[in-house]
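The values are calculated or read from the model by the stated rules, or taken from the named source; none is laboratory data. All values derive from a computational prediction rather than experimental measurement. All Cβ positions, glycine included, derive from the backbone under ideal geometry; neighbour counts span all protein chains shown. Quick note on the areas: whole protein, heavy atoms, side chains included, nothing else; ligands and nucleic acids left out. Shrake-Rupley method; radii C 1.70, N 1.55, O 1.52, S 1.80 Å.
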Amino acid sequence: MTTTDVRPSDVEAAERPNRAKAQDRLFLGVTRASAALVVLVLLGILVSLVIDALPAFGNFGLAFLWNERWSPAKDIFGAAAPIYGTLVTSVIAMVIGVPVSFGIAIFLTELCPPMLRRPIGIAIELLAGIPSIIYGLWGFFVLAPFMQTTVQPALIATLGHVPGLSLLFSGAPYGIGLLTAGIVLAIMVLPFITSITRDVFNTVPVMLRESAYGLGMTTWEVTRHIVIPYTRRALVGGVMLGLGRALGETMAVTFVIGNSHRIAASLLSPATTISASIANEFSEATSGLYTSSLVALGLILFVITFTVLALAKWMLGRVETH
Amino acid sequence: MTIAKSFALSAAAVAFSFVLPAISAAADISGAGSSFIYPVFAKWGDTYKKETGIGLNYQSIGSGGGIKQIEAKTVTFGASDKPLSDEELDKNGLTQFPMVMGGIVPIFNVEGIKPGELVLDGKTLSAIYMGTITAWDDPAIKALNPSLTLPSQPIIVVHRSDGSGTTFNFTDYLSKVSPEWKDKIGSDTAVEWPVGLGAKGSEGVANTVKQTAGGIGYDEYAYAAQNNLSYAKMENAAGKIVAPSLDSFASAAANADWAGSKNFHVIITNQPGDASWPIAASTWVIIHKAPDDAAAVADALKFFDWAYTKGTGAAKDLDYVAIPDNVVKLIEASWSKDIMAGGKPVFVAGK
């Protein structure tokens with residue numbers, strides 16, 4: 001706004017009654033308060049988690065983080081097994097989910113006949129809308145028996161004898177455990193990673209793509225040498241968002257993880273995750289230290305997820321500015 | 001789904017504790033705790049309301065929750081499958097007495113073996129849960145079941161993942177029959193399981209065992225009976241093989257030394273007697289000795305007295321065992337001695 005050339009809108013604004021200005025100020029105040037509320041809630045959750053987790057950390061010290069024992073009967077608690085289970089199931093989910101998601105996104109943006117593009121896209125988005133409890137039920141009643149009778153015996157019979165891999169695929173076929181939980185999680189993160197990947201692939205300038213094809217590149221080469229390098233950082237961001245979801249997923253995992261506070265090398269063994277432990281044990285946690293240890297687990301998950309999401313935002317943000 | 005349910009229940013509990021006193025002073029009897037006893041309380045509450053007009057508002061939030069609520073005085077009584085220790089009772093001015101009994105049964109899923117055909121003993125069961133017996137054709141299991149052809153299949157151990165009174169009684173039994181279990185694991189509502197899968201709730205254990213070939217688990221008899229789970233027979237402390245039934249639970253209860261124990265702190269696992277089922281369990285009611293609201297406690301005790309005398313049939317229908325008459329006499333004597341308001345007993349039975 002300059003004083004030298006007066007525009008019609010400025011004149012109009014000056015003529016408005018004060019009431020309108022007050023209204024605007026009120027509007028600003030309300031929206032600002034709403035925004036502040038988000039920050040306050042976040043800080044409030046963090047502070048209450050820290051306060052309630054203090055007895056556990058006070059009692060066990062930082063060793064709480066790497067102690068494996070979890071014995072409610074003896075009031076000894078350590079977070080190592082749930083942290084391990086959370087990380088391993090998420091890694092399995094990423095190892096399976098990321099390549100498949102990329103495959104779907106590449107198919108949708110580069111190869112798919114236009115007629116199929118919408119139906120497949122909608123199917124992917126519907127997958128994201130299924131409540132996690134349904135994935136849990138499906139994992140427990142359909143996937144787990146199949147894993148126990150077919151997949152796991154086959155893995156034990158083949159990979160179980162390969163030196164180096166034998167540790168990962170040993171033990172009894174329980175049906176539920178780290179691997180099954182990882183597979184269910186992979187299906188759950190699929191729609192998230194796919195839709196972000198598809199969107200970032202669409203940001204690749206048409207000229208770049210057409211020029212590459214013009215130079216005689218194959219679809220594989222265009223994807224490999226043009227599309228992926230162009231969107232690399234955003235892809236990592238999308239993967240991290242999927243990872244954030246996998247880390248915190250509760251109900252579906254609780255069904256198929258086996259809920260056992262142990263660290264075992266085998267991917268077929270039952271384990272537990274942070275959120276599954278909390279969901280399982282909170283209602284019957286009788287001692288103060290027990291409750292506090294569960295809250296401390298929550299705090300650890302908060303920190304892990306927050307870090308992952310912050311990294312994701314930072315990477316996605318750098319792409320938008322560049 | 002159980003989580004959602006317990007959230008809904010605790011939300012309801014909170015809502016009720018605010019709303020009820022305001023609406024009606026002659027309120028329903030309020031209680032919270034053990035889910036093991038919930039079906040009986042529901043049935044009793046229904047009948048009692050029809051007979052007297054006083055209803056029972058019992059929240060099945062789990063034993064741990066029940067103990068917390070009675071300590072916080074948000075309910076008139078709490079119910080727990082694990083008795084409180086004398087110190088815990090004294091600290092909060094509480095007293096406890098058994099309300100109903102039942103049994104815990106091993107359930108299994110082995111192809112070709114029918115319900116009731118498998119026989120186990122304490123030593124073998126503890127070794128299975130310890131992880132030292134890992135296959136169904138182990139010599140120890142074969143020796144107990146000479147007539148069965150057991151498959152060479154891994155045993156998949158299933159236990160409760162949530163804290164549970166059932167787990168408390170089951171691990172108490174394992175501790176009594178196995179010094180190694182007592183030493184390394186101990187007994188509580190949740191323990192450090194050496195092997196196996198955790199499943200949430202009675203239904204979780206039952207479903208996981210049903211789903212998993214070679215699975216073994218434990219559940220309340222009432223739940224197993226109503227859902228036709230394949231249970232095992234057990235060899236008891238007297239060395240006899242018994243099947244789970246109301247009679248064998250009652251035998252365990254009758255042989256327990258209630259009179260000689262303070263605060264009725266008797267866990268009726270591994271009791272003597274030829275007919276006793278080895279893993280029997282009771283649920284205790286926990287109540288304040290010097291209640292703030294004497295009228296509410298009197299109402300509650302009156303209801304319990306009614307349940308001991310007139311509720312036995314309903315309990316039996318639901319596969320629970322009523323407390324034996326001689327024990328009821330001890331309990332009711334303890335009421336007039338312990339639960340006082342203004343220097344007088346709050347309720348005297350038989351008046």
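Summary of computed values
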| quantity | calculated |
| --- | --- |
| Condition broken by residue A:40, with the remaining ones in (1) touching a Phe, Trp or Tyr at 6+ places or on another chain (Cβ under 9 Å); (2) open to solvent by 60 Å² or more (accessible area, probe 1.4 Å); (3) in a helix (DSSP H, G or I) satisfied | (1) |
| Lone qualifier among A:232, A:209, A:198, A:245 - being of a type in the set (Lys, Arg), surrounded by 13 or more Cβ atoms within 10 Å (Cβ to Cβ) and farther than 20 Å from residue A:95 by Cα | A:209 |
| Selection count, region B:253-265, where residues are touching a residue at least 60 places away in the same chain (Cβ under 8 Å) and either of a type outside the set (Gly, Ala, Ser) or crowded, with 21+ Cβ neighbours inside 10 Å (or both) | 6 |
| Test result for residue B:213, more than 17 Å from residue B:267 (Cα to Cα), touching a residue at least 40 places away in the same chain (Cβ under 8 Å) and open to solvent by 20 Å² or more (accessible area, probe 1.4 Å) | yes |
| Residue B:297 being under 25 Å from residue B:53 (Cβ atoms), out of contact with any helix residue (DSSP H, G or I) (no Cβ under 7 Å at 6 or more places or on another chain) and surrounded by 21 or more Cβ atoms within 10 Å (Cβ to Cβ) | yes |
| Residue within region A:285-303 that is within 20 Å of the chain's Cα centre (by Cα) and at the interface with another protein chain (Cβ under 10 Å from one of its Cβ atoms) present | no |
| Matching residues, region A:43-66, being among the polar types (S, T, N, Q) and open to solvent by 60 Å² or more (accessible area, probe 1.4 Å) | A:59 |
| Enumeration of residues in region B:159-200 that are more than 7 Å from every other protein chain (Cβ to nearest Cβ), touching a residue at least 60 places away in the same chain (Cβ under 8 Å), open to solvent by less than 10 Å² (accessible area, probe 1.4 Å) and not hydroxyl-bearing (Ser, Thr, Tyr) | B:165, B:169, B:170 |
| Close pairs from region A:162-180: first more than 14 Å from every other protein chain (Cβ to nearest Cβ), partner not in a loop (DSSP other than H, G, I, E, B), Cβ under 8 Å, at least 6 apart | A:165/A:159; A:166/A:159; A:166/A:160; A:168/A:159; A:169/A:155; A:169/A:156; A:169/A:159; A:169/A:160 |
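Residues are listed down the side, and each one gets a yes or a no for (1) at pLDDT below 90; (2) in contact with a Lys or Arg (Cβ under 6 Å, 6 or more places away or on another chain); (3) charged (D, E, K, R); (4) assigned to a loop (DSSP other than H, G, I, E, B):
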{"residue": "A:179", "(1), (2), (3), (4)": "no, no, no, no"}
{"residue": "A:190", "(1), (2), (3), (4)": "no, no, no, no"}
{"residue": "A:194", "(1), (2), (3), (4)": "no, no, no, no"}
{"residue": "A:221", "(1), (2), (3), (4)": "no, no, yes, no"}
{"residue": "A:227", "(1), (2), (3), (4)": "no, no, no, no"}
{"residue": "A:238", "(1), (2), (3), (4)": "yes, no, no, no"}
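Here's the yes/no breakdown for (1) more than 14 Å from chain A (Cβ to nearest Cβ); (2) at pLDDT 90 or above:
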position: B:5; (1), (2): no, no
position: B:34; (1), (2): no, no
position: B:40; (1), (2): yes, yes
position: B:67; (1), (2): no, no
position: B:75; (1), (2): yes, yes
position: B:78; (1), (2): no, yes
position: B:90; (1), (2): yes, yes
position: B:106; (1), (2): yes, yes
